[in-house]
Amino acid sequence: MTTRDHALELDTQDPLARFRDEFVVAEPGLLYLDGNSLGRLSHRAAAAAETAVRREWGEGLVRSWHEWLHLPAEIGDRLAPLVGAGPGEVMLCDQTSVNLFKLAWAGLRHSGRTAIVGDDSNFPSDRYVLAAVAQAAGGEYREVAVDPVVGPTADELAMALNDAVGLVSLSLVSFKSGAIADLRGITDLARRHGALVLWDLSHAAGVLPVGLAEAGADLAVGCTYKHLNGGPGAPAFLYVRQSLQTELHQPIPGWFGHDDMFAFDAAFRPAPDIRRFAVGTPPIVSLRCAQAGIEVSADAGIEAIRAKCTGLTELLIERFDARLAPLGFELASPRDPEQRAGHVSLSFGEGYRVVQAMIARGCVPDFRAPSLIRLGLAPLYNRFVEVFDAVELMAEIVERGEHLQFEGPKKGSVT
Ligand SMILES: *Cc1c(COP(=O)(O)O)cnc(C)c1O
């Protein structure tokens, strides 16, 4: 059984310990367990934003576009190894929801079919977008009902696949449970049925190695503001397998996707590479912050990040068994570390009030209705002792009934 001293010992042996100093820690006592929702600010991102504003914009003015124009693809190349992609296969642009729309549309049209298969544990924005794309194609969005802890499996999806299905779209890591789906198996399955797969890597990128090319993945999108610490609203990324790029046509032909944007041609002619999936002017300051976040992760190394992450989630589950299970909490994430990414969810009837009490005591997790407390563990800055302390705090709150002083959920609040 791990003691607090042992947790402190794990921190002294942690090869990534020094990466905490890469981040702005404004309140040293704050137990921040929400890096899977909004990653911390890195010193590099703060400096990059300052330079982008004062020097590149302030001094360089429009001349800075010579450099800025290439940033979305350059940063994509820097991110590519973290998700197992090659150069020229990843680009930063737009929001995850927008990129999902663009690639779902492009993939479905390419298939010549009209149905999309997804699952009912996916992130709501993805579900809305996929339904809209299928509807616009005159087809349907079929949702497979899955175990919310385990997430979608190849066997369940196989039953929904037939000749009408041109696209399967899933999250690689469940936003609720942190379960990792079978990238290879599901990609192969869809291919056998003549469908493409569009993966959402939002809760995977930056916290576990993703082997996109190795699995023969077709399409992917994801966030940079979660485990990649890109900052609030930082542009998302998209991935299109090299050999598919010139075959796909996305639905928003903007000038940034034109083969020769400054020719100002009357007709749209898509760029013969990843740039064709861009639309309009990228948000440069946010892009610089995302670049800084990606560089910190790349420097740490995705294998080292994964190894520490597994250690953190293992400790959390051990402490859950010891302290929280006896109080009525239930584990809503996979027990097998191979199946689990960077967050652990605990279900508790009064979860919302427990989260309010935790925040009041300086510990920030998040809450997903109706009863999930999500504890996000960010290997670049979370410490083993923070995991220990967070579980002790939760146990103390419930043992003393502290959460009962807080009100239940209100509509529209950020949790
Ligand atoms: C966080 C997240 C999003 C967010 O999409 P935005 O358009 O960037 O707001 C979408 N999908 C999944 C699976 C997510 O986890």
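The values are calculated or read from the model by the stated rules, or taken from the named source; none is laboratory data. Since the structure is predicted, the reported quantities are computational estimates derived from the model, not experimental observations. Here Cβ is always computed from backbone atoms with ideal geometry, including for glycine, and neighbour counts include all displayed protein chains.
Screening R40, R44, R20, R55 for residues that are surrounded by 13 or more Cβ atoms within 10 Å (Cβ to Cβ), among the basic types (K, R), farther than 30 Å from A357 by Cα and modelled with pLDDT of 95 or more leaves exactly one candidate, R44. Scanning the range 328-359 for residues that are outside any helix (DSSP H, G or I) and closer than 22 Å to G151 by Cα yields a count of 18. Of all residues in the range 238-253, those being over 24 Å from G84 (Cβ atoms) and either surrounded by 16 or more Cβ atoms within 10 Å (Cβ to Cβ) or in contact with an Asp or Glu (Cβ under 8 Å, 6 or more places away or on another chain) (or both) number 1. Please go through the range 232-242 and pick out each residue that is away from the ligand (no atom under 12 Å from the Cβ) and either among the aliphatic types (A, V, I, L, M) or under 24 Å from L33 (Cα atoms) (or both). V240, the sole residue that qualifies. Candidates P283, P337: the one that is out of contact with any Lys or Arg (no Cβ under 7 Å at 6 or more places or on another chain) and within 30 Å of S64 (Cβ to Cβ) is P283.
Of everything in the range 221-231 that is of a type outside the set (A, V, I, L, M, F, W, C) and within 10 Å of the ligand (Cβ to nearest atom), the residue that is farthest from I186 (Cα to Cα) is Y225. Residues that are of a type in the set (D, E, K, R) and in a loop (DSSP other than H, G, I, E, B): does the range 225-247 have at least one? For the range 225-247, residues of a type in the set (D, E, K, R) and in a loop (DSSP other than H, G, I, E, B): present. Taken as a whole, the condition of being within 12 Å of the ligand (Cβ to nearest atom) and surrounded by 24 or more Cβ atoms within 10 Å (Cβ to Cβ) does not apply to D218.
Of the candidates R109, R63, the single residue that is more than 19 Å from V221 (Cα to Cα), at pLDDT 95 or above and more than 16 Å from the ligand (Cβ to nearest atom) is R63. Within the range 137-149, is there a residue that is more than 24 Å from S333 (Cα to Cα) and within 16 Å of the ligand (Cβ to nearest atom)? Yes, some residue in the range 137-149 is more than 24 Å from S333 (Cα to Cα) and within 16 Å of the ligand (Cβ to nearest atom). Within the range 198-216, can you find the residues that are without any contact (Cβ under 8 Å) to a residue 60 or more places away in the chain and not in a strand (DSSP E or B)? Within the range 198-216, just G216 meets the criteria. In the range 114-127, the residues that are free of Cβ contacts under 8 Å to residues at least 40 places away in the same chain and farther than 19 Å from H193 by Cβ reach residues that are near the ligand (Cβ under 10 Å from one of its atoms) and among the small types (G, A, S) with C-beta atoms within less than 6 angstrom, at least six apart or across chains, in these pairs: S125/S97.
Looking only at residues that are within 11 Å of the ligand (Cβ to nearest atom) and crowded, with 24+ Cβ neighbours inside 10 Å in the range 77-102, which one is farthest from L130 (Cα to Cα)? Filtering the range 77-102 for residues that are within 11 Å of the ligand (Cβ to nearest atom) and crowded, with 24+ Cβ neighbours inside 10 Å, the one farthest from L130 (Cα to Cα) comes out as D94. Looking across the range 147-175, the residues that are surrounded by fewer than 21 Cβ atoms within 10 Å (Cβ to Cβ) and either part of a loop (DSSP other than H, G, I, E, B) or under 22 Å from the mean Cα position of the chain (by Cα) (or both) come down to D147, P148, V149, V150, T153, A154, M159, A160, L161, N162, D163, A164. I'd like to know if the range 108-115 contains one or more residues that are within 24 Å of Q245 (Cβ to Cβ), of a type in the set (S, T, Y), out of contact with any Phe, Trp or Tyr (no Cβ under 9 Å at 6 or more places or on another chain) and buried (at least 16 other Cβ atoms within 10 Å of the Cβ). Yes, the conditions are met somewhere in the range 108-115. Among the candidates V133, V129, the residue that is in a helix (DSSP H, G or I), within 11 Å of the ligand (Cβ to nearest atom) and among the β-branched types (V, I, T) is uniquely V129.
Taken over the range 96-106, the criterion of being in contact with a Pro (Cβ under 8 Å, 6 or more places away or on another chain) and either of a type in the set (A, V, I, L, M, F, W, C) or at pLDDT below 95 (or both) is satisfied by F101, W105, A106.
State yes or no: is I302 among the hydrophobic types (A, V, I, L, M, F, W, C), touching a helix residue (DSSP H, G or I) at 6+ places or on another chain (Cβ under 9 Å) and more than 16 Å from the ligand (Cβ to nearest atom)? Yes; evaluated as a whole, the condition is true for this residue. Looking at this structure, is E392 surrounded by fewer than 18 Cβ atoms within 10 Å (Cβ to Cβ), in contact (Cβ under 8 Å) with a residue 24 or more places away in the chain and in a helix (DSSP H, G or I)? So E392 fits the description; yes. Looking at the range 270-293, can you tell me whether even one residue there is within 14 Å of the chain's Cα centre (by Cα) and part of a helix (DSSP H, G or I)? The answer is yes, given that some residue of the range 270-293 is within 14 Å of the chain's Cα centre (by Cα) and part of a helix (DSSP H, G or I).
Inside the range 169-209, residues that are away from the ligand (no atom under 16 Å from the Cβ) and either in contact with a helix residue (DSSP H, G or I) (Cβ under 9 Å, 6 or more places away or on another chain) or charged (D, E, K, R) (or both) make up a count of 13. A single member of I274, I252 is within 16 Å of the ligand (Cβ to nearest atom), at pLDDT 95 or above and within 30 Å of L38 (Cα to Cα), and it is I252.
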